[in-house]
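Novice: I'd like to ask some things about the structure below.
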Amino acid sequence: MSATAVPVPPRSITPVVVRLKLALLLSGLRRSSGRRAAYLSSAVVALLFGVAQLWGFVLLRDLPHIASVAVLGATVLALGWAVMPLFFPGGDETLDPTRLAMLPLRPGPLVRALLAASLVGIGPVFTVLLLVGCVVAVADGAAACAVAVLAVLLALLGCVALARAVAATNIRLLSSRKGRDLAVLSGLVVAVGAQLVNLGAQHLGQAGLGQLDPVADVLRWVPPASAVGAVDSAAHGSYGAAAAQLALAAAAVAVLLGVWARSLTRLMTAPDSSTLQPIDAAGRGRGRTRGRLRMLPAGRTGTVMERSLRYIWRDPKTKAAWATALAVGLLVPLVNAAQGTGSPYIACFAAGMLGVQMYNQFGQDSSAFWMVALTISSPRDAWLELRGRALALLLITLPYATLVTVVTMAVRGDWARLPEVLGLSFALLGAMLATGAWTSARFPYSIPQEGFKNVMPGQAGLAWISVFGGMVAAVVLCAPVVALAVWVRLGTAGGAVSAVLLPAGAVYGAAITWLGLRLAAPRTAARLPEILDAVSKG
Amino acid sequence: MATAALRIEGLWKRFGGHTAVAGIDLELPAGKFIGLVGPNGAGKTTTLSMVTGLLRPDEGTVEVAGHDVWRDPVAVKARIGVLPEGLRLFERLSGRELLSYSGRLRGLPGDEADRRATQLLDVLDLAGAQHKLVVDYSTGMRKKIGLAAALLHNPEVLFLDEPFEGVDPVSAQTIRGVLERYTASGATVVFSSHVMELVESLCDWVAVMAAGRIRAHGPLAEVRGQAPTLQQAFLRLVGAQGRDAGSDLDWLGGGTR
């Protein structure tokens, strides 16, 4: 080849990009057997699930409200496609078009090529299976079947284009620090979402599928679920509606592809500015928060509280831990109470979940703990530091645990036992803060700043002792209050004596917290270099 | 002579089988701009961590301005400012919030901490970014905000671990100006670096470290001796002279093939 020959670009880059996607997929699998196993097993599970769902729809064709279920299924599927790239930005290498920015490509061919590449993988196959299930459930007659073929194609393209458009408009965010912060929170959304789906399914199980009809009546006109709606319309002979719904689905695909192409062009020609912000605007925002935090006490206590509270909101790991604790701490007692099962003492669950946030306090600082270590020169400094952190926690946990307990007991309609359960909650919260402070000083461990792990490799044992040992100790520390509660119950003394448990639990909780912090302070002051070493591995 | 800014006796630190610091004895004069130089892995960071109370030594004593670091932490921690290398800051605070937090933890009254923070942010050219989170700062900006946090309580001795590493020339000049003004007032700066030109142009006193030991220390001219530059003297001291790649890689460059 002569040195001056300029390579002629191929007429269509689609085959090249599809091959690139396949190559990336295969080489990813070749890299480790663990990854291969994970990929294969998830593929098998997805396919089995897809086939089972398809089979289910075939069997349930004659169910009265099946059309609503099918439309809803398509909507949930589309939602999944829209949300996926936000939470798993690193999941698909071909998804990041900025990697192709150095190549001389025009947006049109690039969009076609990337769209084709997006149709390769388990996700699209799974989607096709689900969509086929949805249309099979509603397709009656030749016309409906013809519409169904078109509907599956449009819905699939709609899903994929939606995911790509969302990813491309957000890719600067997704590859930036803020995007990684967001990804850390995704586990929480999945956890809470699963709880809500569970609740919804239980509700449907009791109330019947007819509940879905009003929602489905709207959704059958919203693309890409409108494609499934079109099949249903065609099956009922409303060909005009069917045509309109198909046209809606097609228009949505066109609009999404247009949005995608436009953001691709912008993406490949503009610099990253996702974390740049106008200085004065940022200043105003921060000024307001500061105003509210000014109500905190002066001195070290207020300073420590202020930073702790800011971190709950701003540090993604801390935020995820708090949000999970708040959500699960509320959901578990409430669901139990709503079902009328279980003990009333489950209301103490919130206090336990929130108390865990006191554990591994210094690990939450990561190696920035040196700034704290340099300002602790006596057990008194350590006491002020720990007390500040405990107070910041109490500012949220005390009202929240009270609220959850009151609401749980209200749902149960068991007002008589409220003081007793509230007292136990306070005692447990106090014991958790006490053991949390002590284990923070004695068994600190590093929390990795990125990813979903909460413990560094090699420190799992330490973390286990710290959290589980601490929790067992906390429960044991509650023994006097529990014993009092049991004695009250057995003595059949009734509400009057039961009411004593509220002040008793509160006083006990406060006393045990004070004692725990007092014991933890000298340990913290004496072990500063060791704590710094333990928390700096993340 | 006045009390030494820093007195180290028989300082040792081992990590498993590896000896990072192998018996250091050193006395650093007060009021000087002192450079601790050495190749990577010489033990500079380990030494500075032990001196500032962030790492417990296996053996030996360290005194800052006449106070033992481990027996009298109250006196020592109030007198020192530290900018460590490889440790995070509280990066989810804005630059201003970090200074305010740091100053208040050091026991400064709130208004005074804010006043000093404003001045430091101005001098270090960070006023425009004061409300941005530190996590979004560049390397140079992080070094500057770290330096500001270390200076806020007006320490007697300032320990800086690689303060110019990864810093652009403009920020480096700013940092330099602040440090020169600070030492002119009689305070002591101890900083580690492996950039000899920098040390030579900034310091009036140097200590050369290699393989966990002090190879030479004293006024700059004394350590440099007959060598034309500190770089040459340093290479001779750490025994890295004559290792020149002239005869190998003879194919490199020239454009023949």
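The values are calculated or read from the model by the stated rules, or taken from the named source; none is laboratory data. Values in this document were obtained by computation on a predicted structure and should not be read as measured data. Neighbour counts run over all protein chains shown; Cβ positions are idealised from the backbone, glycine included. The protein model used for the area step is the full one, side chains on, heavy atoms only, and it has no ligands, DNA or RNA in it. Shrake-Rupley method; radii C 1.70, N 1.55, O 1.52, S 1.80 Å.
Novice: B:V123 versus (1) within 12 Å of another protein chain (Cβ to nearest Cβ); (2) farther than 30 Å from B:I214 by Cα; (3) aliphatic (A, V, I, L, M): which is the lone unmet condition?
Specialist: Against the list (1) within 12 Å of another protein chain (Cβ to nearest Cβ); (2) farther than 30 Å from B:I214 by Cα; (3) aliphatic (A, V, I, L, M), B:V123 comes up short only on (1).
Novice: State yes or no: is B:A149 within 22 Å of B:G186 (Cβ to Cβ) and at the interface with chain A (Cβ under 9 Å from one of its Cβ atoms)? Outline the logic, then answer.
Specialist: Numbers: within 22 Å of B:G186 (Cβ to Cβ): yes; at the interface with chain A (Cβ under 9 Å from one of its Cβ atoms): yes.
It is true that B:A149 is within 22 Å of B:G186 (Cβ to Cβ) and at the interface with chain A (Cβ under 9 Å from one of its Cβ atoms).
Novice: Another question, then. Please note which strands (runs of 3 or more DSSP E) are completely contained in the stretch B:121-230 and include at least 1 residues that are more than 21 Å from B:A65 (Cβ to Cβ) and out of contact with any strand residue (DSSP E or B) (no Cβ under 9 Å at 6 or more places or on another chain).
Specialist: Output list reads B:205-210.
Novice: If a residue must be within 9 Å of chain B (Cβ to nearest Cβ) and within 15 Å of A:R307 (Cα to Cα), how many such residues does the stretch A:376-390 contain?
Specialist: 1
Novice: Of all residues in the stretch A:44-66, which are hydrophobic (A, V, I, L, M, F, W, C) and touching a Phe, Trp or Tyr at 6+ places or on another chain (Cβ under 9 Å)?
Specialist: If the condition is that a residue be hydrophobic (A, V, I, L, M, F, W, C) and touching a Phe, Trp or Tyr at 6+ places or on another chain (Cβ under 9 Å), then A:A46, A:L47, A:F49, A:I66 are the ones that fit.
Novice: Further question on the same structure: Could you tell me whether any residue of the stretch A:357-374 is assigned to a helix (DSSP H, G or I), more than 25 Å from A:Q459 (Cα to Cα) and open to solvent by 40 Å² or more (accessible area, probe 1.4 Å)?
Specialist: Within the stretch A:357-374 (the criterion being assigned to a helix (DSSP H, G or I), more than 25 Å from A:Q459 (Cα to Cα) and open to solvent by 40 Å² or more (accessible area, probe 1.4 Å)), the answer is no, since none of the residues qualifies.
Novice: Let me ask something else. Scanning for something surrounded by fewer than 21 Cβ atoms within 10 Å (Cβ to Cβ), more than 7 Å from every other protein chain (Cβ to nearest Cβ), part of a helix (DSSP H, G or I) and at pLDDT below 95, does the stretch B:97-113 turn up at least one residue?
Specialist: Checked the stretch B:97-113: at least one residue is surrounded by fewer than 21 Cβ atoms within 10 Å (Cβ to Cβ), more than 7 Å from every other protein chain (Cβ to nearest Cβ), part of a helix (DSSP H, G or I) and at pLDDT below 95.
Novice: For A:R417, indicate whether it is more than 29 Å from A:E385 (Cβ to Cβ), basic (K, R) and open to solvent by 20 Å² or more (accessible area, probe 1.4 Å).
Specialist: Judged against the criteria, A:R417 is a match.
Novice: Can you pull out the residues in the stretch A:338-356 that are open to solvent by less than 30 Å² (accessible area, probe 1.4 Å) and either within 14 Å of chain B (Cβ to nearest Cβ) or of a type in the set (G, A, S) (or both)?
Specialist: Correct list: A:A347, A:A350, A:A351, A:G352, A:G355.
Novice: Residue by residue through the stretch B:65-91, note down the ones that are touching a residue at least 24 places away in the same chain (Cβ under 8 Å) and more than 21 Å from A:Q364 (Cβ to Cβ).
Specialist: Within the stretch B:65-91, B:A65, B:G66, B:K77, B:A78, B:R79, B:I80, B:G81, B:V82, B:L83, B:E85 meet the criteria.
Novice: Condition first: open to solvent by less than 70 Å² (accessible area, probe 1.4 Å) and either farther than 30 Å from A:V197 by Cα or of a type in the set (V, I, T) (or both). Can you find one or more residues in the stretch A:46-68 that meet it?
Specialist: yes
Novice: While we're on this one: Looking at the stretch A:294-336, which of its residues are open to solvent by 20 Å² or more (accessible area, probe 1.4 Å) and not in a helix (DSSP H, G or I)?
Specialist: Matches in the stretch A:294-336: A:R294, A:M295, A:L296, A:P297, A:A298.
Novice: Tell me yes or no: at least one residue of the stretch B:14-34 is within 14 Å of chain A (Cβ to nearest Cβ), closer than 14 Å to A:P529 by Cβ and touching an Asp or Glu at 6+ places or on another chain (Cβ under 6 Å).
Specialist: Checking the stretch B:14-34: not a single residue is within 14 Å of chain A (Cβ to nearest Cβ), closer than 14 Å to A:P529 by Cβ and touching an Asp or Glu at 6+ places or on another chain (Cβ under 6 Å).
Novice: Do you know which residues across the stretch A:11-41 are exposed (fewer than 12 other Cβ atoms within 10 Å of the Cβ) and of a type in the set (S, T, Y)?
Specialist: Within the stretch A:11-41, A:S27, A:S32, A:S33, A:S41 qualify.
Novice: Additional query: In the stretch B:75-95, which residues are of a type in the set (D, E, K, R) and more than 8 Å from every other protein chain (Cβ to nearest Cβ)? So that I can check it myself, show each step before the final result.
Specialist: Taking the stretch B:75-95 and keeping what is of a type in the set (D, E, K, R), we get B:77, B:79, B:85, B:88, B:91-92.
Scanning the stretch B:75-95 gives B:R79, B:E85.
Novice: With B:R79, B:R88, B:R116, B:R92 as the choices, which residue is buried (at least 21 other Cβ atoms within 10 Å of the Cβ) and of a type in the set (D, E, K, R)?
Specialist: Being buried (at least 21 other Cβ atoms within 10 Å of the Cβ) and of a type in the set (D, E, K, R) holds for just one of B:R79, B:R88, B:R116, B:R92, which is B:R92.
Novice: Quick one: which residue in B:T139, B:T118 is more than 7 Å from every other protein chain (Cβ to nearest Cβ), among the hydroxyl-bearing types (S, T, Y) and more than 30 Å from B:R56 (Cβ to Cβ)?
Specialist: None of the other options fit; the residue is B:T118.
Novice: Out of all the residues in the stretch A:299-327, which are touching a Phe, Trp or Tyr at 6+ places or on another chain (Cβ under 8 Å) and more than 14 Å from chain B (Cβ to nearest Cβ)?
Specialist: Listed by number, the list holds a single entry, A:L326.
Novice: While we're here: For the stretch B:43-76, enumerate the residues that are open to solvent by 10 Å² or more (accessible area, probe 1.4 Å), β-branched (V, I, T) and in a strand (DSSP E or B).
Specialist: Within the stretch B:43-76, just B:T61 meets the criteria.
Per-residue answers, yes or no, for (1) more than 13 Å from the chain's Cα centre (by Cα); (2) within 22 Å of B:M141 (Cα to Cα):
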{"residue": "B:S171", "(1), (2)": "yes, yes"}
{"residue": "B:R176", "(1), (2)": "no, yes"}
{"residue": "B:L179", "(1), (2)": "no, yes"}
{"residue": "B:G186", "(1), (2)": "yes, no"}
{"residue": "B:H194", "(1), (2)": "no, yes"}
{"residue": "B:C203", "(1), (2)": "no, no"}
{"residue": "B:A211", "(1), (2)": "yes, no"}
{"residue": "B:H217", "(1), (2)": "yes, no"}
